[in-house]
1. Pick from Phe78, Phe101, Phe112, Phe13: which is over 16 Å from the mean Cα position of the chain (by Cα), among the aromatic types (Phe, Trp, Tyr) and closer than 16 Å to Phe138 by Cα?
2. Would you confirm whether any residue within the range 44-65 is open to solvent by 60 Å² or more (accessible area, probe 1.4 Å) and either small (Gly, Ala, Ser) or modelled with pLDDT under 90 (or both)?
3. Inside the range 87-134, can you point out the residues that are free of Cβ contacts under 8 Å to residues at least 12 places away in the same chain and either of a type in the set (Gly, Ala, Ser) or open to solvent by less than 20 Å² (accessible area, probe 1.4 Å) (or both)?
4. Could you grab the pairs with beta carbons closer than 8 Å, sequence gap of 6+ or different chains, first residue in the range 65-83 and of a type in the set (Lys, Arg), second one open to solvent by 70 Å² or more (accessible area, probe 1.4 Å) and part of a helix (DSSP H, G or I)?
5. How many residues are assigned to a helix (DSSP H, G or I) and in contact with a Cys (Cβ under 6 Å, 6 or more places away or on another chain) when one looks only at the range 96-121?
6. Quick one: would you say Tyr84 is surrounded by fewer than 18 Cβ atoms within 10 Å (Cβ to Cβ) and under 28 Å from Phe124 (Cα atoms)?
7. Taking Ile38 as the residue in question, decide whether it is open to solvent by 40 Å² or more (accessible area, probe 1.4 Å) and either in contact with a helix residue (DSSP H, G or I) (Cβ under 6 Å, 6 or more places away or on another chain) or under 16 Å from Asn213 (Cβ atoms) (or both).
8. Can you name the condition, by its number, that Phe22 falls short on among (1) surrounded by 13 or more Cβ atoms within 10 Å (Cβ to Cβ); (2) of a type outside the set (S, T, N, Q); (3) over 12 Å from Leu212 (Cα atoms)?
Amino acid sequence: MKLLKLSIAMIFFMTLFRMNLFFLNVYYVLPELNPGEIMQSFIAGLRFDILVFGFLFIPIYFLVLLQATLEKWPPNFFFVYKTYFGLAWIAICSLTFVDFFFFAHHGKRMRFAEYSGWSPEVTFEQAQTLPINQWIVFTVISIVLLVLGHMLIKSLKFGEWKDEYSPHPARRGEVLLRILIPLILIVLAARGSVMPHHLALEHSEVSNSKELNEMALNAVWCFDK
């Protein structure tokens, strides 16, 4: 539950990244403002952000299940969880930062082909084409969100192993609550949908505006596309 609350906060931070992309770039290139389409883009973006954390939780779920089965809760494992989310947040912020300048220049998210040929000089050159207030604001916000995420991770307190494991037999429904429900939630998050088809590019197409459709995606999802 503590890691879930951390993830919800980070998903909110990813929404703030998208909001800044909208106000610093997309807002100015839209032919006309359609509040309904803008809202749909943010809602679709939320689904793509949740998908990222669904995948992040897959190894965590099986590791916690293994620990519960073996009844082993060494403090080092709690450090592993915090390090895992810390590195994931650095990756998310870094990809989002680099992607912003590419988006501002081309009106779309970076894909794997663009990442393959990326270098810091590319981002620097793209930043030079933007008004100075745009890249300064986004850079400052990126640093603030990066730091806030790590402050949340650092503040996690897991307590002693006795807080995580009970010697008493499971109560009725406890297996469902602790094993099946988390698994179902993680699978649904990683699929991004309760429908037969998982979340895909077409779910981001909420408008005739290419920029709004691309804004609904996120840099992590686009990384291997």
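The values are calculated or read from the model by the stated rules, or taken from the named source; none is laboratory data. Keep in mind the model is a prediction, meaning the values are calculated, not measured. Cβ: placed from backbone, ideal geometry, glycine included. Neighbour counts: every protein chain shown. Only protein heavy atoms, including side chains, enter the accessible area calculation; ligands, DNA and RNA are left aside. Shrake-Rupley method; radii C 1.70, N 1.55, O 1.52, S 1.80 Å.
1. Numbers: Phe78 fails: closer than 16 Å to Phe138 by Cα; Phe112 fails: closer than 16 Å to Phe138 by Cα; Phe13 fails: over 16 Å from the mean Cα position of the chain (by Cα).
One residue alone meets the criteria, Phe101.
2. Within the range 44-65 (the criterion being open to solvent by 60 Å² or more (accessible area, probe 1.4 Å) and either small (Gly, Ala, Ser) or modelled with pLDDT under 90 (or both)), the answer is no, since none of the residues qualifies.
3. The answer is Ser94, Ala113, Ser116, Gly117, Ser119.
4. Lys82/Lys154
5. So the count comes out to 0.
6. On the way: surrounded by fewer than 18 Cβ atoms within 10 Å (Cβ to Cβ): yes; under 28 Å from Phe124 (Cα atoms): no.
Against the criterion (surrounded by fewer than 18 Cβ atoms within 10 Å (Cβ to Cβ) and under 28 Å from Phe124 (Cα atoms)), Tyr84 does not qualify.
7. Details: open to solvent by 40 Å² or more (accessible area, probe 1.4 Å): no; either in contact with a helix residue (DSSP H, G or I) (Cβ under 6 Å, 6 or more places away or on another chain) or under 16 Å from Asn213 (Cβ atoms) (or both): yes.
It is false that Ile38 is open to solvent by 40 Å² or more (accessible area, probe 1.4 Å) and either in contact with a helix residue (DSSP H, G or I) (Cβ under 6 Å, 6 or more places away or on another chain) or under 16 Å from Asn213 (Cβ atoms) (or both).
8. Only one criterion is unmet by Phe22, namely (3).
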